[in-house]
1. Roughly to the nearest percent, how much of the accessible area of the stretch 619-718 is carbon and sulfur, given a 1.4 Å probe?
2. Under unit Cβ charges (Lys, Arg +1; Asp, Glu -1), what dipole magnitude, rounded to 20 debye, does the stretch 464-583 have relative to its Cα centre?
3. In terms of the Cα gyration tensor, with a ≥ b ≥ c the square roots of its eigenvalues, is the stretch 327-394 rounded because a/c is under 1.5, prolate because a/b exceeds b/c, or oblate?
4. Using 1/(1 + (r/R0)^6) with R0 = 45 angstrom and r between the beta carbons of E931 and Q791, what's the FRET efficiency to the nearest 0.05?
5. Averaged per residue, what accessible surface does the stretch 314-610 expose to a 1.4 Å probe, in Å²?
6. A399 versus F301, label points 7 Å from Cα toward the beta carbon: distance in nm?
7. What spacing in nm lies between the two simple spin-label points modelled at E686 and Q429, each 7 Å away from Cα in the Cβ direction?
8. Using a Förster distance of 60 Å, how high is the FRET efficiency between D210 and A528, based on the Cβ-Cβ distance and rounded to 0.05?
Amino acid sequence: MRDAPLRALVPLMLCAAVAADARAQERLVRRFATDEGLGAPAVSSLAQDSSNALWVGTKGGLYRFDGAVFRRWAPDQVAGPVARVAAAADGRVAAQTQDGAVFAVTRNGATPLPPPPGGWSQGVYALAYDGDGGLWTVAGDTALARHDGRGWTVLPRGWHGGERPRVIRSAADGGILALTDAGLWHIDAGGGPGRKRFDALLMDAVSFPDGRLVVLTADGRVVELGEGRQRELASRARGHIPNGRPIMLVERAGTYWIAMDRYLIAVRPGPEVEWIGSVDGLESGGPLLVDHEGSLWLGTFAALLQYPEPGTVVWTDRAGLPGRHVRYIARSGDVLWVTSWQGTARVRRAGTRLDIATVTELSSRSRPCADQLGVVWLSVEGGHAVRVRGDRRLGVAGAAPAGFNSCATTPGPTMWIGSQRGLLRADVQRGELRRVKGVPFGDDAPVHAVLEDRAGRLWAASGERVCYAPATAALEGDARGWACELIPGAGEVTSFFELEDGGLWASTRHVGVVARGADGWLPLPRNAELASRDVFGLVPSPAGGVWIVGSGILRRVRPGGPGGWEVLETPGSANGLLWVGGGDLLEDDDGTLWVATARGLQQVPPEARYLPPGAPPRVELMEALVDGEPFALDADLELPAHRNRLELRFAALSFRDPARVRYQVRLSPGSPWIDTRGQPWFRWVELPAGRYRAEVRASLNGRSWSPEPARFEFRVLPPWYRTPAALAAFAAIAAAAVWVAYRARLAYLLGLERERTRIALDLHDKLGSGLGSIGILAGLIASGRLDESQQSRIAKEVASTAEELGSALADIVWALDPRAATLEELASRLVEHGERLFAGDDVEFRLRAPRKWPATELPLALRRNLLLIGLEALHNTARHARARRVVLAFTRRGGRRWELAVSDDGVGMNHAEPRDARRGRGLDGMRKRAEEIGATIDWRTEPGGGTTLSLTFTIPGAAARRFSRWRGLRRPRPTA
């Protein structure tokens, strides 16, 4: 009896030990709350549908999370707090509100289901789908009800022993697990009485395809149920489970995670149990979910938490390390020796926990070196080297005044150590350390990297300088055996790595990884993919290849390929890493990684490293923006022809490591894919007219892409001049233009024909009769019947007629000359004719000219008709007027209007006398010519006798210029 109090204290002591261990660890946790879009973050239920979307039931309603944004779902229908959410394998989702009502979630909202017979349950919230797609809930607080898509069916209470259902879970075989107030019942999806599997009040249960069940009891026990057997995995009585209310149980990668009111508990195979509580930033427990990628989700009253890889932890100074910033790691047996800026720690694995202790007497800030015998050499404060095996100190090996930078083992008894004060040689069998003489850098110069290759050459580096010599020559201190090379810009060489073919790599602080070749040391092309060029080390991997470790760099590669290496793995946040990169790395034979980081000692278990490849993520369109304004995704979109701008935002339903997601887009099937460079949006500007079906796909590795891309169809309208109405109008205009061109061509041809007719008439009128007269007169002369005086007279008549014909022909040719002519030149032409017509001394011929002549050329038709009207007027005056004085005048009447006038003092026009027919035709011809050019013509008789012809016409675009060629008034000829 005296031992009873001690036995009662054992669970409390175990709890304290477990809690202290949990506080020493940190994990990568993503937190989603109000700032991330989760409006009411008190989470009550979690579910994931077949598209990988996450559904979150909260006090503020139902939310859907696609990896990018939380969207409040159907706020008008599902307005109150959501107590339960369930998802079926076929993609259906249902939600139950706090008043018991159940809603079927639809594509764009939610539809309320009618209550089952007996009404909704009040105070019992239970919702689950079976393998056939039937939806189960509790009706009236006492019975199970199943909805088959058409209506509810209430099951007989005897199927679950008349006990009151409290929780419903989907079973792995397609049935239902009903947790009652007195046990656990398994009910097939097809119906029939259930089979009781456990007698106790349970909080949750998980089923497996092999028929096993793991249950969480109300009194804090985790029990595995098999056929005819039970096995307790953890219990409160044994100190595994803390005091509190159990809420939910899930299984992930062999570990059972239990949510309690104040803790998150991990029950792993074996005796180890881990607690995560308020000291780790956990506000509370709540619903749990393991998503399709393996992330663990926990809903609390303050936020939704995601643990991408809860198995990966970071050990810090709270666990016993002398400081957070860990620099180097070395192994001796089952003990890790870790050095930081604050000193040395010994780390021993105890199952899933670590026993960490700071060893002040072996305080060191430099690299610990593990030799071929499993002994670790430490350069400790005080300037000497200490050897340890496991956690046992073997003794002092010799002087080490400035710390170790690098170490390299050999097949023999030697381990080379590069220190801050020269190159050292450790004899691992004798446990002795001595300085190597004759090194080209100087015996006291720092040596940052060292390696002995398989050919027996020793390589050493100091700064950017690399030297090598036969190892035997180096041991003997022969300085003549060394040869040196330079790696320009390297800053500092930090390590060497020998390839299988004997080639050599080196890591540097400024240019990344370099390889030695015929042209010297050259950076490898794939350095461009690294987060930086600051590489701290190259660490061989037991799994093959080499680890590249540096600032923001952590990747295992296999040397070879056009870029220098092939990537084997790149651990990151998907593997639970809080810090990518590090100063040093150690890989155990079982695959556990230990990474020295500025956040602490990062431990990555094998299951966290080798993630299942999984299917490429499904991608969804989230939003369409037209000129910056949202547009409904299910509406028909038509963009204008010009200044159109369409932006699509999308999300891949992958939550484990959003940074790994890559997107590609294209405007239509068959066109090339365009990489968005990791951005979850893409923008098109100034698209040409046409119909488009934009597609988006996603990938996690750049090789496997979403099998079914997300699509968005839209249309860009053609510009107005390419619309059917505009094209029809253009066709009509073109037809009209053709018709107009045809009519113009026809008018031109008709005008040309008329012009030819005029020319023929002019030639006939002007030349025909004259040529006929010449022929007749020439015949008379040739007849020989005329005397000499008659022949002379007739010859003069022939000459005069020929001269007149030549002048008439010249006038016709000038009138038809396409070259430009002005009014001034026209006047000059008429003056020449007037001078010939009135050449006698009995008639005075004058020209009255303006001070300025218009500079504009006369159109051909205007020039011709003016000339012929003026000539006809002068000829009529010469034939009929019997005048003593004739005046040709050109007068400007304002603007572009001008007057041509021929006046005389002759007998005038007597309208009472019968008109000569030929003279009448001449006047009619003058009127017609005036009409052709839009001019007005008038004859008037002057009061004192004589006649004046007045022709008023318009010159298009006429402008005046000074008269320069001849004077405006011709002097009268002198009389005899």
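The values are calculated or read from the model by the stated rules, or taken from the named source; none is laboratory data. Owing to the predicted nature of the structure, the values given are computational and were not obtained by experimental measurement. Here Cβ is always computed from backbone atoms with ideal geometry, including for glycine, and neighbour counts include all displayed protein chains. For the accessible areas, the whole protein counts, side chains as well, though only heavy atoms, and no ligand, DNA or RNA atoms are used. Shrake-Rupley method; radii C 1.70, N 1.55, O 1.52, S 1.80 Å.
1. Details: 2480 of 5240 Å².
Exposed carbon and sulfur together represent 47 percent of the surface.
2. Numbers: 9 positive and 13 negative charges, 58 e Å.
Value, rounded to 20: 280 debye.
3. Working: a/c = 1.84, a/b = 1.26, b/c = 1.46.
Here the stretch 327-394 falls in the oblate category.
4. Values: r = 47 Å, r/R0 = 1.05.
Using R0 = 45 Å, I get an efficiency of 0.45.
5. Numbers: 11490 Å² over 297 residues.
Accessible area per residue: 39 Å².
6. 6.7
7. Taking the simple label geometry, E686 and Q429 are separated by 7.9 nm.
8. Numbers: r = 49 Å, r/R0 = 0.82.
Between D210 and A528 the formula returns 0.75.
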